[in-house]
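In what follows, a structure is listed as structure tokens, so that the remarks can point back to it.
The values are calculated or read from the model by the stated rules, or taken from the named source; none is laboratory data. Predicted model, so just to flag it, every value in this text is computed and none were measured. In this analysis, Cβ positions are derived from the backbone assuming ideal geometry, glycine residues included, and neighbour counts consider all displayed protein chains. These accessible areas exclude ligands, DNA and RNA; they are computed on the full protein's heavy atoms, side chains included. Shrake-Rupley method; radii C 1.70, N 1.55, O 1.52, S 1.80 Å.
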Amino acid sequence: MKTFYKNGAFYTANPDQYFAEAMLVEDGKISWIGDEDDARQAEFDVIIDLQGKRVLPGIIDAHMHPLLLAEVGQKIYCGVPQVHSIKDIQHAIQMELSARANEGEEKWVLGWGYDESKLVEGRSPSKEDLDEVTSSIPIVLTRACGHIVVANSAALKLADITSSTKAPYGGEIEVDETGELTGVLKEKAREQVYQAIPEQTLEEKGQLLATLSKKLFSQGITAITELMATLHPYDFYEIYEKAYEQGYKQHTVMYYLWDDIQHKQNLLKRNQSGTNEDLQIGGIKLFADGSISGKTAWFSEGYVNDAGNTGISVTSPKELLEAAAVAKEHQLQVVVHGMGDQAIRQVVDTFAEVDGWLSNIPSVRIEHAALIDQETLVKGINAGIGFVTQPIFLFAEIDSYLNNLGASKTNQTYRIKTMLDSGANICLSSDAPATSWEDTSNPFIGIKSAVTRTAYSGEMYNPSEAIPVQKAIDLYTRHAQEMTGIPLVGQLKTGYWADFIVLEDDILTANSMDIDKISVLATYFKGDCVFEMEKKIEV
């Protein structure tokens with residue numbers, strides 16, 4: 001099948017040929033791209049007129065949590081714009097319970113997305129707040145950052161958590177001044193309550209991903225990563241295999257949590273034996289700290305109005321090097337979550353003298369890299385470390401950043417322009433759904449944030465760190481490919497997969513403040529149209 005796309009405003013992300021007017025696709029791959037007048041004379045099976053619309057390579061999200069994103073769609077959303085107070089959260093839970101009463105169900109109540117900085121009470125919900133709704137049916141709400149949960153009495157009892165329960169290393173079971181549980185569980189401490197929640201079946205999880213695949217295509221996302229792959233209660237590899245059987249399509253790279261994979265390293269060999277070319281194991285994931293909005297990110301100085309709290313250290317140099325040895329053996333990446341300057345410094349110092357073992361992509365990645373001093377940045381660059389960051393965080397969480405860090409430090413976070421000017425290997429991503437926004441996977445929000453340095457509230461933060469829109473697109477396409485190693489994607493060039501998107505408005509000329517409003521008209525994956533908003537492209 002030969003399909004000729006003409007009259008398009010192609011932005012290719014290919015440094016050797018950034019712009020084109022036409023493209024020929026054969027058997028799912030690009031066989032030619034260039035000016036329409038230069039198109040070779042040939043018989044085409046199909047000619048598609050793109051009507052002058054802007055065309056981009058398919059978006060690659062180098063750091064997200066697809067299964068979690070699919071699952072939160074089934075949970076009570078506890079964030080803006082629907083929720084503005086703990087009373088609103090209580091009401092939402094009560095509405096859910098009332099709906100279930102008619103169905104005779106008394107299963108766990110799960111919620112997602114609260115951010116105390118956006119609640120009128122200015123604090124996290126507590127066990128008592130949830131018990132006011134019900135203390136007999138278990139309730140667990142996950143904070144927007146994904147690093148903190150709050151549970152009611154019934155959930156804590158089922159998880160066997162009491163005021164005398166010792167928190168695991170890298171976690172905190174919060175108690176009040178009297179020593180009683182508040183219901184808040186931070187970092188690794190939250191896993192105990194998660195393990196008590198009944199799981200869906202393998203088939204149900206696969207179907208969730210298959211449904212999510214359609215949403216991601218509608219946002220122009222053709223390649224993704226799974227940054228929280230685990231082995232329990234189901235191996236994520238098997239979940240994704242099941243998802244592909246049920247209609248899931250995206251190119252996918254999985255990163256297993258070190259806690260899960262360290263004693264079952266043989267499972268990392270599936271890259272050599274797998275039959276699905278679109279599903280790969282890419283690396284091993286560790287955490288160096290928590291989140292800024294949840295005040296668990298590890299800093300060298302304390303938080304504003306909480307000077308004694310410098311966050312939580314979640315790993316050690318010894319553990320990082322042990323994971324790296326396994327990654328090297330299996331030719332995989334080590335990816336480390338690091339937000340605070342002290343956490344990032346620990347990772348950089350640990351790997352500064354370690355030779356990289358991968359030739360085409362960074363052997364070590366630091367995820368988020370929210371606040372990094374210049375000395376550590378240069379040291380990391382010289383060590384070949386890659387940086388995967390998320391400008392959507394400041395867009396969505398400006399309130400908590402200002403509350404927790406103050407204006408001066410907030411302005412020094414996510415210094416994308418400085419990182420680029422310093423020569424950093426960097427790309428953009430979403431971390432969906434782990435931020436305080438409803439539509440977290442939308443890449444155009446991240447692009448807008450990188451280009452305008454403007455929050456949802458309209459507040460600007462250090463505009464000198466803004467980057468051009470063309471560069472932001474590169475960081476979500478070509479540079480994301482160079483970070484993840486997904487083959488033959490990220491650019492529109494001969495020999496690459498025909499993964500591309502057609503936009504309703506031209507992102508290169510649109511008002512930068514309206515970038516997040518741009519819609520995807522159509523998405524093509526391996527030459528097939530997998531999403532079409534409406535019939536605006538004539539065949």
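What lysines does K166 reach when the alpha-carbon gap must be under 16 Å and sequence neighbours fewer than 8 apart in one chain are set aside? Hits, sequence-local ones excluded: K157, K186, K188. Grouping the Cα pair distances of the range 161-222 into 10 Å bins from zero gives a pair-distance distribution of 19, 29, 19, 23, 9, 0 percent in increasing distance order.
The eigenvalues of the Cα gyration tensor, multiplied by 5 and square-rooted, give the range 414-539 an equivalent ellipsoid with semi-axes of 25, 19, 13 Å from largest to smallest.
With each label modelled as a point 7 angstrom along the Cα→C-beta vector, the H232-K107 pair spans 2.2 nm. So for the range 473-539, Kirkwood radius off the Cα pairs, Stokes-Einstein at 25 °C and 0.890 mPa s: how many µm² s⁻¹? Rounded to a whole number, D works out at 184 µm²/s.
The mean accessible area for residues of the range 297-396, using a 1.4 Å probe and ignoring ligands and nucleic acids, is 35 Å² per residue. Here the range 428-448 and the range 22-83 have alpha carbon centers that stand 17 Å from each other. For a distance above 16 Å, tell me the whole-number percent of Cα pairs in the range 299-393 that qualify. The share of Cα pairs beyond 16 Å in the range 299-393 comes to 55 percent. Shape descriptor for the chain: Rg over Rh equals 0.97 (Cα atoms; Rh from the Kirkwood inverse mean 1/r). Note on T275: accessible area is roughly 140 Å² with a 1.4 Å probe, heavy atoms of protein only.
Kindly provide the GluC sites (Glu not before Pro) of the range 123-214 that DSSP labels as loop, not H, G, I, E or B, and whose Cβ sees at most 16 other Cβ atoms within 10 Å. Show your work: numbers first, answer last.
Values: sites: E128, E132, E172, E174, E177, E180, E187, E191, E199, E203, E204; in loops: E177, E180, E199.
Here the sparse-neighbourhood loop sites are E177, E180, E199.
Using only side-chain charges placed at the Cβ, +1 for Lys and Arg and -1 for Asp and Glu, the dipole size of the chain relative to its Cα centre rounds to 500 debye.
In a DSSP loop and with at most 15 other Cβ atoms within 10 Å, the trypsin sites (Lys or Arg not before Pro) in the range 129-184 are K166.
Within straight-line reach of K526, meaning a Cα separation under 13 Å, sit the following aspartates and glutamates at least 8 residues removed in sequence or on another chain: E26, D27, E277, D278, D499.
Give me the percent of DSSP beta bridges within the chain that run antiparallel, rounded to the nearest 5.
Antiparallel bridges make up about 45 percent of those DSSP assigns within the chain.
Local charge sum around K242 (other residues, Cβ-Cβ under 10 Å, Lys/Arg +1, Asp/Glu -1)?
On the way: positive: K205; negative: E203, E204, E238, E241, E245.
Here the charged neighbours net out to -4.
Extension gain, L321 to E203, is 38.8 nm, computed as 0.36 nm per intervening residue step minus the present C-alpha separation.
Would you work out what percent of the accessible area of the range 171-253, with all protein chains in place, is carbon or sulfur (probe 1.4 Å)? Ligands and nucleic acids excluded, carbon and sulfur reach 48 percent. Each residue, R270 and K214, gets one label point 7 Å from its Cα in the Cβ direction; the gap between the two is 2.6 nm. Among residues other than E204 with Cβ under 15 Å from its Cβ, the summed charge is -2 (Lys and Arg +1, Asp and Glu -1). With contacts taken as Cα pairs under 8 Å and at least 6 residues apart, the chain reaches a relative contact order of 18 percent.
With the simple model of a label 7 Å out from the Cα in the direction of the Cβ, E532 to E245 spans 3.1 nm. Counting only DSSP beta bridges whose two residues both lie in the range 1-146, roughly 45 percent are antiparallel. The convex hull defined by the C-alpha atoms of the range 89-221 has an orientation-averaged projected area of 10.3 nm². R0 = 30 Å: FRET efficiency of S457 with D49, Cβ-based, nearest 0.05? The calculated FRET efficiency here is 0.15.
Under the criterion of Cα pairs below 8 Å and six or more residues apart, the relative contact order for the range 293-417 equals 24 percent. Measuring between alpha carbons in the structure, the pairs from K379/K409; K205/K264; K118/K249 lying more than 25 angstrom apart are K118/K249. The residues neighbouring A324, those whose beta-carbon lies less than 15 Å from its own, together hold a net charge of -2 under the Lys/Arg +1, Asp/Glu -1 convention.
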